[in-house]
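The structure appears right after this line, and notes come after that.
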Amino acid sequence: MLPAAAMAEGMPQMDFKNPLTISQVVWGAIIFIVLYILASRFALPKVGAVLEERAAHIARDLEAAQASKVKADAGSAEAIAAVAKARAEAQAAINAALESAKDAAATQAATLNARLEKQLADAETQIAGARAQAMGALRQVATETAATVVTRLTGRAPDQQRLDGAIGAALTARGVG
Amino acid sequence: MAAEGHSSIDALSQFALEPALGAIGHSVNFTQANLMMVAASVLVLALLWIGMRPRAMVPGRLQAAAEMCYETVMSMCTEQIGHEGKKFFPIVFCLFFFILFGNFIGVFPYFFTFTSHIAVTLALSSFVFILVTAVALERHGLHFFSYFVPQGIPAVLAPLMVLIEVISYLSRIISLSVRLFANMMAGHVMLEVFGSFVVMLGGAGALYLFPAGLSLVVNVALIGFELLVATLQAYVFAILTCIYLHDAVHLH
């Protein structure tokens, strides 16, 4: 597009005879140094300070959040432990109540049983007594009856001793002696 | 079409230096390039100063922009140079934003691009070179010269390798300055050429309106491209400065 020769002779950048070509560099150096001083002394530290402050703030907040989390965890653990403890206590109370109720019931049943047992024994004793009485009466009745029958049949009173022996043997044979 | 004989496209006069600020500027050879340098510096400082004035915990737009500028360059320094990078942060920041704002200002029509002057970019790259060498000498003393002797090479090849290393070290000045200068100049020449096309074709009659419009479209695209190049070249200059500083601090 552009002939090389025209470029070489026409390039203002290569025109070092022009004092402006070098003077712009001198001025450029001065401007750059001023820019450097202003930026490095004032502008950039200002940005750096804000960024550092923000980083510190974030770190501080994170730390606080971490601490709160630890505290909350501890609280939650405490609450869980308390609930577990309460539950264990309640269970123990229930167990104790059940146990005592069972014991009371058992005692009551035992006394009732004993009473019934006693009544039964009493009744049995009474029955045995009545029976013995009845049996005793039976021997007397049998002796008298036998004496009467023998007297009627033979006309004379039987021998008391033999009669008793026979009655006793008969009763023993029937299982009521 | 412009290459034919009577060229009316004067793509290079835009780079001509003129005294600025009237008689005073004339007497001290203060050029419009220097005026743009002042403008760029003032804009950088204003962005930082006005942007950071609220000192807000949650930044507004301008403050966020200022902080982003700060943190971009800071991370560039610490990532490239290491933890010593903080010491070089102000200089890298100034270089980056001086060049970046210079490039940006140049994209505006009628504004001068001081980075399109080899003298300026050469001065900047020489400054970087001197800084890097001074840092290296200050850090490592004479041991710095071992930088030019690659490790584990045969003794026969050593002189050649040292020569190549020295040349490549010195050529940093040229590559750093010419890269920036050539990119900026080429972009502005293209803008001027296509701008001239628009004017010339637009004035040449109804038949040429379409190519004139096309040139305008190209120019719009070129301006977008120039913005990219402006940022990229400033970034490249800054990142290379960081890499050179890393070499100076760590010697490989």
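Search the range B:133-149 for residues that are farther than 19 Å from residue B:88 by Cα and without any contact (Cβ under 8 Å) to a residue 24 or more places away in the chain and pair each with any residue that is open to solvent by 30 Å² or more (accessible area, probe 1.4 Å) and assigned to a helix (DSSP H, G or I) when their beta-carbon atoms are under 8 Å apart and the residues are at least 6 apart or on different chains.
B:148/B:162; B:148/B:165; B:148/B:166; B:149/B:161; B:149/B:162; B:149/B:165
For (1) assigned to a helix (DSSP H, G or I); (2) among the hydrophobic types (A, V, I, L, M, F, W, C); (3) in contact with a helix residue (DSSP H, G or I) (Cβ under 7 Å, 6 or more places away or on another chain), each residue gets a yes or a no:
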| site | (1), (2), (3) |
| --- | --- |
| B:120 | yes, yes, yes |
| B:123 | yes, yes, yes |
| B:173 | yes, yes, yes |
| B:177 | yes, no, yes |
| B:199 | yes, yes, no |
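For residue B:109, which of the numbered conditions (1) surrounded by 12 or more Cβ atoms within 10 Å (Cβ to Cβ); (2) not in a helix (DSSP H, G or I) fails to hold?
Evaluating residue B:109 over (1) surrounded by 12 or more Cβ atoms within 10 Å (Cβ to Cβ); (2) not in a helix (DSSP H, G or I) leaves (1) as the failure.
Specify the residue that is surrounded by the most Cβ atoms within 10 Å (Cβ to Cβ); the eligible residues are those in the range B:69-106 that are touching a residue at least 60 places away in the same chain (Cβ under 8 Å) and part of a loop (DSSP other than H, G, I, E, B).
B:84
Go through the range A:6-19 and give me each residue that's within 8 Å of another protein chain (Cβ to nearest Cβ) and assigned to a helix (DSSP H, G or I).
Those that are within 8 Å of another protein chain (Cβ to nearest Cβ) and assigned to a helix (DSSP H, G or I): A:6, A:7, A:10, A:12, A:13, A:14, A:19.
How many residues are among the aliphatic types (A, V, I, L, M) and under 20 Å from residue B:233 (Cβ atoms) when one looks only at the range B:93-149?
14
Has the range A:136-156 got any residue that is outside any helix (DSSP H, G or I) and out of contact with any strand residue (DSSP E or B) (no Cβ under 8 Å at 6 or more places or on another chain)? Reasoning before the result, please.
Filtering the range A:136-156 down to residues outside any helix (DSSP H, G or I) leaves A:155-156.
Narrowing further to those that are out of contact with any strand residue (DSSP E or B) (no Cβ under 8 Å at 6 or more places or on another chain): A:155-156.
Yes, that holds for at least one residue.
Tell me, which residue of the range B:49-68 that is facing another protein chain (nearest Cβ under 10 Å) and part of a loop (DSSP other than H, G, I, E, B) is nearest to residue A:35 (Cα to Cα)?
The extreme case among them is B:52.
Out of A:33, A:94, A:58, A:22, report the one residue that is hydrophobic (A, V, I, L, M, F, W, C), away from chain B (no Cβ under 14 Å), open to solvent by 80 Å² or more (accessible area, probe 1.4 Å) and assigned to a helix (DSSP H, G or I). Please lay out each step first, then the result.
Details: A:33 fails: away from chain B (no Cβ under 14 Å); A:58 fails: away from chain B (no Cβ under 14 Å); A:22 fails: away from chain B (no Cβ under 14 Å).
Going through A:33, A:94, A:58, A:22 in turn, just one is hydrophobic (A, V, I, L, M, F, W, C), away from chain B (no Cβ under 14 Å), open to solvent by 80 Å² or more (accessible area, probe 1.4 Å) and assigned to a helix (DSSP H, G or I): A:94.
The values are calculated or read from the model by the stated rules, or taken from the named source; none is laboratory data. For clarity, every value in this text was computed on a predicted model and none was experimentally measured. Every residue, glycine as well, gets a Cβ built from its backbone with ideal geometry; the counts of neighbours run over all protein chains shown. To get the accessible areas, we keep the full protein, side chains included, count just its heavy atoms, and leave off ligands, DNA and RNA. Shrake-Rupley method; radii C 1.70, N 1.55, O 1.52, S 1.80 Å.
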